[in-house]
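The values are calculated or read from the model by the stated rules, or taken from the named source; none is laboratory data. Worth saying up front: this structure is predicted, and the values here are computed from it rather than measured. Cβ: placed from backbone, ideal geometry, glycine included. Neighbour counts: every protein chain shown. Side chains are part of the model used for accessible areas, which takes the heavy atoms of the whole protein and leaves out ligands, DNA and RNA. Shrake-Rupley method; radii C 1.70, N 1.55, O 1.52, S 1.80 Å.
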Amino acid sequence: MMSVRLYNTMTQQKEEFIPREEGKVAMYTCGPTVYNYFHVGNGRMLVVFDMIRRYLLYKGYDVTYVQNFTDIDDKIIARGLEEGMDPLELAEKYIEEYFKDAEALNIMPATVHPKATEHVPEMIEIIKGLEEQGLAYAVDGDVYFAVDKLPNYGKLSRRSLEDLQAGARVEVEEQKRNPLDFALWKKAKPGEPSWNSPWGPGRPGWHIECSAMSLKYLGAGFDIHGGGGDLVFPHHENEIAQSEGYLHGETFARYWMHNAFLTVNQEKMSKSLGNFFTVREILEHFPGEVIRFYLLSTHYRSPLDFDDENLRMAQKSLERLQTSIRLADEALGRKGQGEVGEESKQKLKNAALEARQEFEKAMDDDCNSALAYASMFELGKAINSYLQSFPYYSEELKFARTTLWELGDCLGFDLAKSASQAPKDNGKLEEVIELLIEVRAKARQKKDWEMSDLIRDRLKDLGIILEDTPQGARWTIKN
């Protein structure tokens, strides 16, 4: 089995992936702050790490995957005030909505989905430990991490403390000893959710949440910590500082992985810039599989620009692969209609073997989904070419079809399912279309071309495309 190589942000190079425990992977990704539907920029991160998880499963690893929910935060409190809702109820609402959109993108549920509000005792324990070591200090109910007490602060983002201090903004919180010090615990404000602590009522800071939840479920030195590139600093830098400070210098996470931004007109997509589109909005126009296909069409560390045209291109590309599977399935239902040459059969089998080899080579090299797609398209072309001469059953065709489906499944696609077909027809739509095709075939037998063309054209107006072939009419549904 070839080894997997992953790009580690900490070392800024690709490294052979050697898990902490042989055959097992412990993986943590920062989940959403739940005060709205997640936007497609967040969706890229979620899909990317779902893809990485799936490939590690494909390689035979037992993967424990933890993805949290930040369900208490300044943004959640502000949104709760806007909507006249209790902040914790608002968070619960958007956690439920998260799972609907994640399912549409075929994102597997995590092994554990911890919520920040359910792990406050663990956060308090870490903060107490940091305070005892002199790495944190309390001021009037707030607790801050003292960054200058940690010699290697800035090692993930490659920023020195001097450079960070030179560029630091003047902070409103004058009680901080250093402008770079960050909040571990925030004193309660009137009307906000709060928890009791040794420093008085309050709530945790954002960074401490992920440290507490990842250490609880995965332990120190877990394998992969993932997130969007915008989390490298300060979030992940601060996670490392407080976690390794608490652990007396023991490694917090071994491989740090980050995906590049999704952009709109070459500008980062973000809620603060107001140039974001929620996945829920896009699902009104494109199926979830198409959105997923688009999000994996570029290597995860390369920027990806968002627009409708790119989504339409992704839809056509996905439909090409689905068509290869559909045509193969139709041919596999026809037996005894001719002899297939041994040379053609062997050529198709070799194409399938080569596709899998190239797919794994691409994915072993830092999960390069763009190159993995290329191997699938090559196999799709080989299947289509074979079917032009031999549109009936053979073991080699079955093998090639199964290979293409399995490669798609590894990336989170069911290529046997049409991304364009509406799932709510209870099977009746297919029966009606087949009936119209039968009526049209009888009209053609009678040379009633006007009726034949009318049926074809009216179906086309409804988004149902008929294709006449030597084996009869085939149909597909287009959005």
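With semi-axes √(5λ) of the Cα gyration tensor in Å as the read-out, I listed [x] 41, 21, 20; [y] 61, 23, 16; [z] 52, 26, 17; which label goes with the value calculated from this structure?
Checked against the structure: label [z].
Rounded, prolate or oblate: which fits region 15-144, taking a ≥ b ≥ c as square roots of the Cα gyration tensor eigenvalues, rounded meaning a/c under 1.5, else prolate when a/b beats b/c?
Cα axes put region 15-144 in the oblate bin.
Which value, in debye to the nearest 20, describes the size of the charge dipole of the chain about its Cα centre when Lys and Arg Cβ atoms bear +1, Asp and Glu Cβ atoms bear -1, and nothing else is charged?
Charge dipole, the chain, about its Cα centre: 1280 debye, nearest 20.
Checking understanding here: applying a Kyte-Doolittle mean of at least -0.5 and a length along the axis of at least 30 Å (C-alpha), which whole DSSP H helices in the chain pass?
Qualifying helices: 369-389.
Would you mind computing, in nm to one decimal, how far apart the modelled labels at Glu89 and Arg5 are, each placed 7 Å from Cα along Cα→Cβ?
Simple spin-label model gives 5.5 nm for this pair.
Given 0.36 nm per residue, what is the gain on full extension from Lys361 to Glu309 after removing their alpha carbon distance, in nm?
Full extension from Lys361 to Glu309 adds 15.7 nm.
Would you tell me the accessible area of Lys186, worked out with a 1.4 angstrom probe on the heavy atoms of the protein chains, in Å² to the nearest 10?
Roughly 60 Å² of Lys186 is accessible to a 1.4 Å probe.
In deg cm²/dmol and to the nearest 500, what is the mean residue ellipticity at 222 nm of the chain if only DSSP H runs of at least 4 residues count, each as -39500 (n - 2.57), divided by the residue total?
-14500 deg cm²/dmol
Just give me a number: lysine pairs in region 112-240, eight or more positions apart or cross-chain, with C-alpha atoms less than 19 Å apart.
Counting lysine pairs in region 112-240 gives 11.
Note down the net charge around Ser194, summing +1 for each Lys or Arg and -1 for each Asp or Glu among other residues with Cβ under 10 Å from its Cβ.
That sum, taken over residues with Cβ under 10 Å, equals +3.
Place +1 on the Cβ of every Lys and Arg and -1 on the Cβ of every Asp and Glu in the chain, take the dipole about the Cα centre, and give the residue among Tyr294, Asn42, Leu404 whose Cα lies farthest towards its positive end.
The residue sitting farthest along the positive end of the dipole is Leu404.
Stretched out fully, how many nm does the piece from Val112 to Gln175 gain, at 0.36 nm a residue minus the Cα gap?
Once the chain is fully extended between Val112 and Gln175, it gains 19.0 nm.
Sticking with the crude label model, points 7 Å out along Cα→Cβ, report the distance from Glu343 to Ser297 in nm, one decimal please.
The two pseudo-label positions are separated by 3.8 nm.
With each label point set 7 Å from Cα along the Cα-Cβ vector, what nm distance links Thr263 and Glu281?
With each label placed 7 Å out from Cα toward Cβ, I get 2.0 nm.
Roughly speaking, what is the stretch gain from Glu16 to Glu103, that is 0.36 nm per residue apart minus the C-alpha to C-alpha distance, in nm to one decimal?
Between Glu16 and Glu103, full extension yields 28.2 nm more.
What FRET efficiency do you get for Arg334 and Glu378 if R0 is 35 Å and r is their Cβ-Cβ distance, rounded to the nearest 0.05?
0.90
Give the calculated FRET efficiency between Leu454 and Asp409 to the nearest 0.05, with a Förster radius of 41 Å applied to their Cβ-Cβ distance.
The computed FRET efficiency comes out at 0.50.
Set the Förster radius R0 to 51 Å, insert the Cβ-Cβ distance between Arg158 and Asn350 as r into 1/(1 + (r/R0)^6), and round the FRET efficiency to 0.05.
In this case the efficiency is close to 0.65.
Using alpha carbons only, how many angstrom separate the centre of region 1-78 from the centre of region 116-167?
So the separation of the two Cα centres works out to 24 Å.
Take Asp86, Asp148, Asp223 and sort them by solvent-accessible surface of the protein heavy atoms, 1.4 Å probe, largest at the top.
Largest accessible area first, the list is Asp148, Asp86, Asp223.
Among the lysines, which fall within straight-line cross-link reach of Lys361, defined as a Cα-Cα distance under 17 Å, with same-chain neighbours fewer than 8 residues apart omitted?
Lys14, Lys59
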